[in-house]
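Written out below as structure tokens is the structure these notes cover.
The values are calculated or read from the model by the stated rules, or taken from the named source; none is laboratory data. None of these values were measured; they are calculated from a predicted model. Neighbour counts run over all protein chains shown; Cβ positions are idealised from the backbone, glycine included. The accessibility values were calculated without ligands, DNA or RNA, using every heavy atom of the protein model including side chains. Shrake-Rupley method; radii C 1.70, N 1.55, O 1.52, S 1.80 Å.
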Amino acid sequence: MSLLDDMKNDKKTLLTMVMAVREMAAGLGLDTDDLCRLALEHSSEVDKRQAEIEKIFGTHELPPLGDLLRQPSADSAELIEWRLREQMLRFRLNHPDALVTYFDGRVDYSDGFIRFILERLDLWEFSHERFCEQVEVPYQTLCSWIKEQSSTG
């Protein structure tokens, strides 16, 4: 069953999509009223984009929920990524001020968070791009931290 079919037939899938859109809109500083106003202002563009998105959703399938919940095998690269994500999330839970995201999308990182990330990078055996995906830090930001670290240390 395609993602589009799931959204049409499964209330939980539809609710998940709505919640994701709301979260993304909030990240842009928009609320539901703003979205409705923008939709009216740009209705022909929105209609075209909606058709494109529905076409894409019709070609993609969601994996069974059990696949999403499975733990990675002990000898896989996936386990290394899993552990890195867990370390990063635990750090952020223990240090709520580790990063601050502003309405304009700008993010400020604490010195402690930067040190934490660079220490994990020293142990990382895969690409920097892959590392950035796991710790949710933009690649260019990581590169600037590495450059700054090499110039001061």
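Quick notes on this structure:
- Matching residues, the stretch 1-49, being among the charged types (D, E, K, R), within 25 Å of G105 (Cα to Cα) and open to solvent by less than 60 Å² (accessible area, probe 1.4 Å): D34
- Residue under evaluation R115, criteria (1) touching a residue at least 40 places away in the same chain (Cβ under 8 Å); (2) farther than 20 Å from G27 by Cα; (3) open to solvent by 60 Å² or more (accessible area, probe 1.4 Å), criterion not met: (1)
- Considering residues of the stretch 128-153 that are among the polar types (S, T, N, Q) and either assigned to a strand (DSSP E or B) or open to solvent by less than 40 Å² (accessible area, probe 1.4 Å) (or both) only, the residue farthest from Q87 (Cα to Cα): T141
- Helices (runs of 4 or more DSSP H) contained in the stretch 11-127 and holding at least 1 residues within 29 Å of T141 (Cα to Cα) and at pLDDT below 85: 11-27, 77-94
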